[in-house]
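Report on one structure; see the data block that follows.
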Amino acid sequence: MLHVANVSAGYAGFQALFDVSLDVNAGESVAVIGPNGAGKTTLLRLISKLIEPTRGDILFETKNLNDVPPHSVVARGIAHVPENRRLFPRLTAEENLRMGAFTSRRQYAERLDQVYALFPLLKERRRQIAGTMSGGEQQMCAIGRALMSGPKLLLLDEPSAGLAPVVVQAIFQLVGRICAQGYTVLIVEQNIRQVLKVVSRAYLLDAGRIVQSGSAAELLAAPEIQKAYLGL
Ligand SMILES: Nc1ncnc2c1ncn2[C@@H]1O[C@H](COP(=O)(O)OP(=O)(O)OP(=O)(O)O)[C@@H](O)[C@H]1O
Ligand SMILES: [Mg+2]
């Protein structure tokens, strides 16, 4: 579904990604793991066309995204849950969900039911002003908003960031449920141990380069990862 081929990118003279290649197949959940500043967010921004690569190609369903403007990425089936969630803080939870369906108003009611079935808590909170919800609830709402567009590919940027440990658990359970439902998911995380329990495959990104890849089980057992990232 997604084919990232030899992509390099950066910001005004600073190169953040070097010759990155990765694939995500339909129905698969894939993680890109890596420490602070590795380039994880940059990679997701490239896929949603918020920045342009300096080299390489990104293909989505075999079509090159080079000439696709950022505003038509959602309509093509890519939904991005950004770092720090970026909800509309003065709107209610449900109004935020409605914003996610702006490309597909006809399916609004049906999608809303699906999202509420996935996150019953969000239904209870539907009239709450988003800015007053807890961090975990806001993250849930941001993921729900992305699902409201009916995406083929869901991009998640560190959904566990800034949350209390018990909430982190809940968010990963939720991400696990989304993966198990057959959504195609590309998630970037530095919470390596937890994310490797919910995805099927992963890539390790370090200082802008993919340095390792394999099944989630392989990476969890890899001595380099255990030593450098899992504190074993
Ligand atoms: N707008 C920007 N201008 C200049 N440099 C940037 C910009 N955004 C990111 N960078 C740099 O690019 C590199 C990769 O950043 P990126 O945000 O992609 O990392 P990350 O893996 O998402 O990190 P984190 O886990 O902290 O979110 C970092 O060195 C960062 O300082
Ligand atoms: Mg980031």
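Can you tell me the orientation of helix 108-118 relative to the chain, as the angle in degrees between its alpha-carbon axis and the longest Cα principal axis, to the nearest 10? Between the helix axis and the principal axis of the chain, the angle is about 70 degrees.
How much mean residue ellipticity at 222 nm does the chain get from its helices, if each DSSP H run of length 4 or more adds -39500 (n - 2.57) and you divide by all residues, to the nearest 500 deg cm²/dmol?
Numbers: 10 runs with 81 residues, N = 232.
For the chain, the value works out to -9500 deg cm²/dmol.
Within the same chain, lysines fewer than 8 places from Lys63 are excluded, and of the rest, those with a Cα less than 22 Å from its Cα are Lys49, Lys152.
Roughly speaking, what % of Cα-Cα pairs in the chain are separated by over 27 Å, rounded to a whole number? Of the Cα pairs, 32 percent sit more than 27 Å apart. Residues whose amide H falls under 5 Å from that of Thr92, counting only those 5 or more places apart or on a different chain, are Ala130, with hydrogens built in the peptide plane.
In the chain, a dipole from Cβ-located charges (positive for Lys and Arg, negative for Asp and Glu) runs towards its positive end, and of Pro53, Gly182, Ala101 it is Ala101 whose Cα lies farthest in that direction. Applying D = kT/(6 pi eta Rh) to the range 160-232, where Rh is the Kirkwood radius over alpha-carbon pairs, T corresponds to 4 °C and eta to 1.567 mPa s, the Stokes-Einstein value obtained is 100 µm²/s. Tell me, rounded to the nearest percent, the portion of alpha carbon pairs in the range 84-151 spaced more than 13 Å apart. Tail of the P(r) past 13 Å holds 55 percent of the pairs. Taken one residue at a time, the phi angles of the range 17-34 give Karplus couplings (6.51, -1.76, 1.60, θ = phi - 60°) of 10, 10, 6, 8, 10, 7, 10, 10, 8, 4, x, 9, 10, 10, 10, 10, 9, x Hz. Gly and Pro are set to x. Taking the Cβ of Leu112 as the centre, find all other residues whose Cβ is under 13 Å away and add up their charges (Lys, Arg: +1; Asp, Glu: -1). Value of the local net charge: +3.
Remark: the range 84-151 carries a charge dipole of roughly 200 debye about the Cα centre, counting +1 on each Lys and Arg Cβ and -1 on each Asp and Glu Cβ.
Between the Cα long axis of helix 135-147 and the first principal axis of the chain there is an angle of about 90°, rounded to the nearest 10.
At R0 = 41 Å, how high is the FRET efficiency between His3 and Ile129 if r is their beta carbon distance? Nearest 0.05 is fine.
0.50
None of the figures in this text is laboratory data; all of them are computed from the coordinates on show. What you are looking at is a predicted structure, and each value in this text was computed from that prediction instead of being measured. We place every Cβ from the backbone using ideal geometry, glycine too, and count neighbours over all the protein chains shown.
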